[in-house]
Amino acid sequence: MIGYLAMRPSRDIRTASNQLTTQEWWSNRRKDFQLVVSRFVLDECLAGDPIAAQDRLAFLDGVPLLAVTPEIEQLADAIMKSLQIPQKAALDAFHISISAVHGVEFLLTWNCKHIANPENRSKIDSVCRAFGFEPPTICTPFDLLGTDSNE
């Protein structure tokens with residue numbers, strides 16, 4: 001999600017829409033939530049061009065960092081197995097896992113392949129609860145924009 005805030009405007013209509021939605025959520029709704037970030041998000045933000053990485057990290061300045069615990073890796077492994085996530089996409093399972101272990105209410109993402117995929121929801125919920133954790137509500141910024149009372 002942070003990538004959409006920091007990247008240049010896209011010509012791809014879907015990406016441009018996600019960028020605008022993310023910017024709107026960040027400007028209008030971010031203050032309504034207690035933001036936290038994981039080491040896994042920071043690692044993703046640091047990848048690639050160093051200047052772009054600094055732009056991404058600037059959005060996270062002052063956001064509390066969640067601690068990594070042994071339970072997070074165990075839960076992530078179980079989520080990977082349940083969803084059949086390939087090793088190259090292991091971070092997807094870690095995003096879910098760290099959110100569940102720390103009791104994060106909402107996991108905000110545009111990753112709809114493994115994370116915000118409605119077909120995976122029941123499996124994610126089952127695995128998290130089997131490990132004794134309540135799963136986060138996984139959604140996109142669009143889902144949390146709210147509605148205008150004048151509409």
Let me see the pair-distance distribution of the stretch 70-144: every alpha carbon pair, 10 Å bin width, integer percents in order.
22, 61, 17, 0
Where in the chain are the helices, taken as whole DSSP H runs, whose Cα atoms extend 30 angstrom or more along the long axis and whose Kyte-Doolittle mean reaches at least 1.6?
none
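Could you compute Rg(Cα) / (2.2 N^0.38 Å) for the stretch 2-58, with N its residue count?
1.18
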Can you give me the C-alpha center-to-center distance between the stretch 103-140 and the stretch 1-53, rounded to a whole angstrom?
19
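What number does the chain give for Rg over Rh if you use C-alpha atoms and the Kirkwood radius? Numbers along the way, then the final one.
On the way: Rg = 15.6 Å, Rh = 16.2 Å.
My calculation of the ratio gives 0.96.
Can you list which of the GluC sites (Glu not before Pro) found in the stretch 9-112 are DSSP loop residues with at most 15 other C-beta atoms within 10 Å?
Here the GluC sites (Glu not before Pro) that fit, given the DSSP loop and packing criteria, are Glu105.
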If unit charges are put on Cβ atoms (+1 for Lys and Arg, -1 for Asp and Glu) and the dipole of the stretch 70-144 is taken about its Cα centre, the option from Leu83, Gly132, Phe94 lying farthest towards the positive end turns out to be Leu83
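What order, most packed first, do the peptides 25-36, 6-17 have when packing is the mean number of other Cβ atoms within 10 Å of each residue? The partial results should precede the final answer.
Values: 25-36: 13.2, 6-17: 11.2.
So the order, starting with the most tightly packed, is 25-36, 6-17.
The numbers here are math on the coordinates, done by the rules we state, and not lab data. Here the structure is a predicted model, which means the values were calculated and not measured. Note: ideal-geometry Cβ built from the backbone for every residue, glycine included; neighbour counts use all protein chains shown.
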